[in-house]
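The values are calculated or read from the model by the stated rules, or taken from the named source; none is laboratory data. All figures in this text were calculated on a predicted structure; none of them were measured in a lab. Note that we place each Cβ from the backbone using ideal geometry, even for glycine, and neighbour counts take in every protein chain shown. Only protein heavy atoms, including side chains, enter the accessible area calculation; ligands, DNA and RNA are left aside. Shrake-Rupley method; radii C 1.70, N 1.55, O 1.52, S 1.80 Å.
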Amino acid sequence: IDDNPSHYKIALLGTVKSPKLNFDPPFVMLIPVPLDVETETAISIIPQDYLRQSRIYVELPEPELEDGERIYPFSVEFPEGQDIVLSSDATNKDLICYISFRSSRPVSFTGSIVFIDEEEN
């Protein structure tokens, strides 16, 4: 370069991809069941564009009954763990999540189960 860097210009072009989660299926509908009977379904969480390990957290809905009481009928389980890991081929392994519902009180509602990572993506 002969101590004269003004003769050389480097142009860089890049794309920033934000990490995101996709789901299969994209929504679930749990079947109605008798009181105190559990219903469950499995979903695949498909991480995309994660460049380092991250952990998935879940925010569950808390339905309010007619008398104003809140109940906590949902639970989730990650049988293989809830860490997003970057594999050797630079892809992220899908995570399996079981969502279950059980209530001792009659309830019907529509709500969202929110999955977020450590950086609130």
task: Leaving out ligands and nucleic acids, note down the accessible area per residue over the range 20-116 with a 1.4 angstrom probe, in whole Å².
output: 67 Å²
task: Please report the relative contact order for the chain, taking Cα pairs under 8 Å with a sequence separation of at least 6, and give it as a percent rounded to a whole number.
output: 31 percent
statement: Highest GNM mean-square fluctuation among Ser44, Ser18, Ser103, for the chain with Cα springs under 10 Å, belongs to Ser18
field: Most to least packed among 52-61, 83-92 [average Cβ atoms within 10 Å]
entry: 52-61, 83-92
query: Of all accessible surface on the chain at a 1.4 Å probe, what whole percent is carbon and sulfur?
result: 50 percent
- prompt: By its C-alpha gyration tensor, with a ≥ b ≥ c as the square roots of the eigenvalues, how is the range 20-116 shaped: rounded for a/c under 1.5, else prolate for a/b larger than b/c, else oblate?
  reply: prolate
